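> Sharing a structure, written as structure tokens. Questions coming.
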Amino acid sequence: MGRAEPGSNPLLKRLDEWRPGCWCAAVIQLCAAFEHEGKGGRSRYPAQWAYFLWAPTDTAIPQALPDGWGISLEPPWEEIAADLAGAAVFVMPEREVDWPTLLDILRVCGDPAPWLFQVIRQVQRTKRRMRQRLFLELYGEGDNYAFEKFIRSTLAKPKKP
């Protein structure tokens, strides 16, 4: 399960990169529609999508909490386009989104049904593992590998032509 790409919604003014004054959005499909056989018989559950929106700012603020969120039964691109009234929006790339933290908002503030609570927890676990792998990819293993690499590249004297 990952981020859904917007379809051909002409109302959504999607930007290719962040720029000052644009909205930001993160969208995830929590689950596809599914059926479950239980003690009371077969139950059907609808697909679930979550989205998070950040109001425009003039500076990129890493890890700022979103200004709003929602849950939808379908990809929420039309809903986002309507909410933003045609404003430009940058849809954040998957690796820039802190899904485990954002999904806590759904668990704490959304009062999800028990089955959806379990879905959100599972997606959180998956996204947490993915984030840990990303950390290893970006920063390496061991004693400050990435920091030392960064310092070496920052302090390296520029080569004269």
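> When you scan segment 86-104, do you find a residue that is among the acidic types (Asp, Glu), in contact with a Ser or Thr (Cβ under 8 Å, 6 or more places away or on another chain), under 30 Å from ARG19 (Cβ atoms) and not in a loop (DSSP other than H, G, I, E, B), even just one? Explain how you work it out, then say what you get.
Narrowing segment 86-104 to residues among the acidic types (Asp, Glu): 94, 96, 98, 104.
Among the residues that remain, those that are also in contact with a Ser or Thr (Cβ under 8 Å, 6 or more places away or on another chain) are: none.
No, the conditions are met nowhere in segment 86-104.
> Would it be correct to say that ALA60 is touching a residue at least 40 places away in the same chain (Cβ under 8 Å), among the aliphatic types (A, V, I, L, M), closer than 25 Å to ARG19 by Cβ and open to solvent by 20 Å² or more (accessible area, probe 1.4 Å)? Talk me through it step by step, then tell me what you get.
Working: touching a residue at least 40 places away in the same chain (Cβ under 8 Å): yes; among the aliphatic types (A, V, I, L, M): yes; closer than 25 Å to ARG19 by Cβ: yes; open to solvent by 20 Å² or more (accessible area, probe 1.4 Å): yes.
Yes; evaluated as a whole, the condition is true for this residue.
Condition check ((1) open to solvent by 30 Å² or more (accessible area, probe 1.4 Å); (2) assigned to a loop (DSSP other than H, G, I, E, B); (3) at pLDDT 90 or above; (4) more than 27 Å from THR126 (Cβ to Cβ)) across all residues:
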site	(1), (2), (3), (4)
MET1	yes, yes, no, no
LEU11	yes, yes, no, yes
GLY21	yes, yes, yes, yes
ALA25	no, no, yes, no
ILE28	no, no, yes, no
HIS36	yes, no, no, no
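> In addition: Taking the stated definitions as given, is ALA60 over 13 Å from the mean Cα position of the chain (by Cα) and either part of a helix (DSSP H, G or I) or small (Gly, Ala, Ser) (or both)? Outline the logic, then answer.
Details: over 13 Å from the mean Cα position of the chain (by Cα): yes; either part of a helix (DSSP H, G or I) or small (Gly, Ala, Ser) (or both): yes.
When the stated conditions are applied, ALA60 passes them.
> Taking TRP77, is it open to solvent by less than 70 Å² (accessible area, probe 1.4 Å), at negative phi and of a type in the set (Phe, Trp, Tyr)?
Details: open to solvent by less than 70 Å² (accessible area, probe 1.4 Å): yes; at negative phi: yes; of a type in the set (Phe, Trp, Tyr): yes.
In short, yes.
> Show the residue pairs meeting these rules: Cβ distance below 7 Å; 6+ apart or different chains; first residue within segment 102-113 and open to solvent by less than 30 Å² (accessible area, probe 1.4 Å); second residue polar (S, T, N, Q).
LEU103/GLN124
The values are calculated or read from the model by the stated rules, or taken from the named source; none is laboratory data. None of these values were measured; they are calculated from a predicted model. Quick reminder, even Gly has a Cβ in these numbers, built from the backbone with ideal geometry, and neighbours come from all protein chains shown. What goes into the accessible areas is simple: the full protein's heavy atoms, side chains included, and nothing from ligands, DNA or RNA. Shrake-Rupley method; radii C 1.70, N 1.55, O 1.52, S 1.80 Å.
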